[in-house]
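The values are calculated or read from the model by the stated rules, or taken from the named source; none is laboratory data. Keep in mind the model is a prediction, meaning the values are calculated, not measured. Neighbour counts are summed over all protein chains in view; Cβ atoms, including those assigned to glycine, are modelled from backbone coordinates with ideal geometry. SASA here: full protein model, heavy atoms, side chains in, ligands and nucleic acids out. Shrake-Rupley method; radii C 1.70, N 1.55, O 1.52, S 1.80 Å.
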Amino acid sequence: MPRIIPFYLFDHRLKLADLHPGEKAVIVKVSGHGGFRKRILEMGFVRGKVVETLQNAPLMDPVKYRVMGYEVSLRRSEAANVEVVGMSQLAEVDLKDMPEGLVEEEALRRVALSRRKHIRVALVGNPNCGKTALFNRASGGHEHEGNYGGVTVDAKEGSFSFEGYTIKLVDLPGTYSLTAYSPEERYVRQHLIEEAPDVVINVVDATNLERNLFLTTQLIDMNVRMVIALNMYDEFQKRGDSLDERQLSKLLGTPIVPTIGKKGWGLDTLFHVVTMVYEGTDVNERTPFSELTRHIHVNHGHELEHCITHVRKAIAENEGVKDTYSCRFLAIKLLEGDSDAERIVAALPNAAFIFATRDKSVSIIRQELKEDPEAAITNAKYGYIAGALAETYVRRKTDKPRRSRKIDALVLNKYLGYPVFLLFMFVMFEATFVVGAYPMAWIEAGVTALSTLVSQQMTPGPFKDLLIDGIIGGVGGVIVFLPNILILFFFISLMEDTGYMARAAFIMDKLMHKMGLHGKSFIPLIMGFGCSVPAIMAARTIESRNSRFLTILVTPLMSCSARLPVYLLLAGAFFPDHAGLVLFGLYLMGIIMAILLARLFKRFFFKKEDMPFVMELPPYRVPTMRSVLRHMWEKGFQYLKKMGSVILLASVVIWLLGYFPRNAAYDADPTPENHRLQQEQSFIGHLGRAVEPVIKPLGFDWKIGVSLFSGVAAKEIVVSTLSVLYTAEGDETTLPDRLKADTYADGRPVFNPAVALALMVFVLLYFPCIATITAIRHETGSWRWALFEVVYTVAVAWVMAFLTYRVVLLFL
């Protein structure tokens, strides 16, 4: 039997333009866009055919090739869209198992067939249409899903095998259109143009066809190979509506497959159709979906089509443009005044003629249709969609109040909306502390038992001290808060998956606008309760640059889950009867500070008026337990990973700095007083003493200063540092008890309620972790804003902690 050549050996995609004169290759596939691909295929550049490079032109372009017995020339830009398998790649493979007498061309064909089995598929759709759920089910990925727009803030990739094909699936950010308006729209359009996926899956929310199909019409303009996934089909059926999918497929020129992404229903059929579309478009052979796969033009009406045609012809005079872009798509975008389209056209040789043609066409549209070209084209597309749905879609006649409306009547109520939101937040924090206290006590007992067991089994020495005081004390002091982290993310997941997160943004919009923020900013801020890094990335969904930067700068003021262990430790120790209320107050304080500082920054740094607040309010959905538990587990797993890496390393470093240099006299007489003196004279003691004057007005001693300094890497390290510094051999009391028992040389307690509350406020507001600073640098494109974040948060934290300490002291 012939040897199957692994695909990974040919991971590098060789292009026809890469071949030198005299080299032969076999064609794998043709990329590029509709008209260009059709012309290339008609010239004989189809899969499995041998092509030979004959000669370069004197200026190295174009190149003469031989295919199917005749000679043809292609520009290098065109040849770059033809993927091939060449002799140079074949030489890298051991062919000793090939049948005897097998010619090289036949061997190349077999390799090309293997390469041909690799399909690049892009998922494109509106926000909240279920793309990520479909992606997770298909690829086995675990990307975050949520019932609000903007969950996917970057492209996610996954690969899987299906019916002998290797499918590389890319989940692109949700977007309502392909206009150069917001960052995600630019990102999606750029990916479709530059990466040229073999097939695009347009994920459409079946319960909102008219709105979702607008993006479909733009993909038709781009002339991409496409399959429509009619997602959330179960909800569509529950509504009692009916749709003739086959007739709508004919009208749109693309197959439509009903799917339920979260349940995986219909995905086998979807990817079977994907493979059929993929195989049926590069060869002149019929497939079961041939009649449904045809290129159409969305008819915008006589006047618009006349203008589109004139601009398209002017653009098409540049032959090289067709290799990369659909001229019709560029013409439409140019008429709409799209900035990216204007930039592309400006680089063409006849740019002046194209712009003159565009300007003349714009004048005609305004005179004839009495409206702006962008509005006219949008209206025409929705008119086309309405006509297609009129023939295929039947809405149920009854219009009973739906579940979403009933719930919104309560949660969006003028008088009840804010109390309901605050009540939910309070319940979330109260449950985080009260419910989490039980498993927290079990883990704490386990850590204590482990420490006792190790202490009894090992002989005294530095290694024993490192293991007990450094590793078990440091990591164990933080891992006890894992249940609380899981409970917090359970509630956040409920907000996201049910659709309440978008409602929270809705009710907060007016208040946030008065304070200088955008309504959409509320979602990244709430996400900041989990982790600041993805929250900052989620700000990409805000179209306005000023609003986006403003949101990024104040998002770290939201109390992320890494700060939660500090609150739980101190609130439980010094405010045991009101720990939930203290927790709620800290989170509320973060929100208030974010709003106040946003107002200040807007006045001085971002004075330009923002774009209007436009956000989809998705229908309420019952979250699946699988989705909620997976969200909790992923966050819990990240927390555990941090335990075994950053926090473990930091605990060891803190212990080493606190253990050395040793004093023989203190070792010979290990009393609590000598233990304190040993720490004060260690390396970390000197570091703490150096920063103590700065933090002494806040009521903090040098140990607190060291813990805050170490918290720059990750806020959980504040607890692990305190645990290491307050752990002594033979002391089996809990960390809260050790904190309450610590005193200065004159007998005054180091910790009291004023110090504890001031410390929690400082941790809430000061320097976000290094990962967050890096994310700010990446999203703003400048270290200037990242450094500004560091400076202003530390300054605000010092002032607020000072005020907190002084005010609370008045009541003690």
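Would you confirm whether any residue within segment 351-362 is closer than 25 Å to residue 197 by Cβ, open to solvent by 20 Å² or more (accessible area, probe 1.4 Å) and among the small types (Gly, Ala, Ser)? Within segment 351-362 (the criterion being closer than 25 Å to residue 197 by Cβ, open to solvent by 20 Å² or more (accessible area, probe 1.4 Å) and among the small types (Gly, Ala, Ser)), the answer is no, since none of the residues qualifies.
For segment 161-217, a tally of residues being on the phi > 0 side of the Ramachandran plot and crowded, with 17+ Cβ neighbours inside 10 Å returns 1.
The rows are residues; the columns are (1) open to solvent by 30 Å² or more (accessible area, probe 1.4 Å); (2) at pLDDT below 75; (3) farther than 24 Å from residue 737 by Cβ.
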position: 565; (1), (2), (3): no, no, no
position: 569; (1), (2), (3): no, no, no
position: 588; (1), (2), (3): yes, no, yes
position: 631; (1), (2), (3): no, yes, yes
position: 642; (1), (2), (3): yes, yes, yes
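The single residue among 478, 454 that is over 30 Å from residue 412 (Cβ atoms), in contact with a Pro (Cβ under 7 Å, 6 or more places away or on another chain) and not acidic (Asp, Glu) turns out to be 478.
Check whether at least one residue in segment 313-330 is of a type in the set (A, V, I, L, M) and part of a loop (DSSP other than H, G, I, E, B), and report yes or no. No, the conditions are met nowhere in segment 313-330.
Going by the conditions given, is residue 507 modelled with pLDDT of 75 or more, over 19 Å from residue 561 (Cα atoms) and among the β-branched types (Val, Ile, Thr)? Considered against the rule, which asks whether it is modelled with pLDDT of 75 or more, over 19 Å from residue 561 (Cα atoms) and among the β-branched types (Val, Ile, Thr), residue 507 comes out as yes. Here segment 390-436 is the region considered, the condition is being at pLDDT 85 or above and more than 33 Å from the chain's Cα centre (by Cα), and the residue that is farthest from residue 569 (Cα to Cα) is 391.
Output the residues belonging to segment 527-559 that are surrounded by 24 or more Cβ atoms within 10 Å (Cβ to Cβ) and modelled with pLDDT under 85. Passing the criteria: 527, 528, 529, 532, 535, 536, 538, 539, 541, 542, 547, 548. For residue 510, the conditions (1) more than 19 Å from the chain's Cα centre (by Cα); (2) in contact (Cβ under 8 Å) with a residue 60 or more places away in the chain; (3) open to solvent by 10 Å² or more (accessible area, probe 1.4 Å) all hold with the exception of (2). Within segment 52-77, the set of residues being closer than 17 Å to residue 30 by Cα, touching a strand residue (DSSP E or B) at 6+ places or on another chain (Cβ under 9 Å) and open to solvent by 10 Å² or more (accessible area, probe 1.4 Å) comprises 52, 66, 68, 72, 73, 75, 76. Each residue in segment 117-131 was checked for being open to solvent by 10 Å² or more (accessible area, probe 1.4 Å), touching a Ser or Thr at 6+ places or on another chain (Cβ under 8 Å) and over 18 Å from residue 216 (Cα atoms), and 2 pass. Looking across segment 250-271, the residues that are part of a helix (DSSP H, G or I) and either crowded, with 22+ Cβ neighbours inside 10 Å or modelled with pLDDT of 90 or more (or both) come down to 252, 267, 268, 269, 270, 271. Helices (runs of 4 or more DSSP H) fully within segment 508-604 that include at least 2 residues being over 23 Å from residue 423 (Cα atoms): 532-538, 545-554, 564-574, 579-604.
Residue 404 satisfies every condition listed in (1) open to solvent by 60 Å² or more (accessible area, probe 1.4 Å); (2) under 30 Å from residue 235 (Cβ atoms); (3) among the hydroxyl-bearing types (Ser, Thr, Tyr) except (1). Hey, can you tell me all the residues within segment 743-766 that are at pLDDT 85 or above and either assigned to a loop (DSSP other than H, G, I, E, B) or in contact with a strand residue (DSSP E or B) (Cβ under 8 Å, 6 or more places away or on another chain) (or both)? Within segment 743-766, 748, 749, 750, 751, 752, 766 qualify. Among the helices (runs of 4 or more DSSP H) confined to segment 392-507, the ones with at least 1 residues that are basic (Lys, Arg) and over 29 Å from residue 585 (Cα atoms) are located at 403-411, 462-465.
Among the residues of segment 775-800, the ones that are assigned to a helix (DSSP H, G or I) and either open to solvent by 70 Å² or more (accessible area, probe 1.4 Å) or without any contact (Cβ under 8 Å) to a residue 24 or more places away in the chain (or both) come to 11 in all.
Take the conditions (1) over 20 Å from residue 547 (Cα atoms); (2) open to solvent by less than 60 Å² (accessible area, probe 1.4 Å); residue 744 misses just one of them, which is (2).
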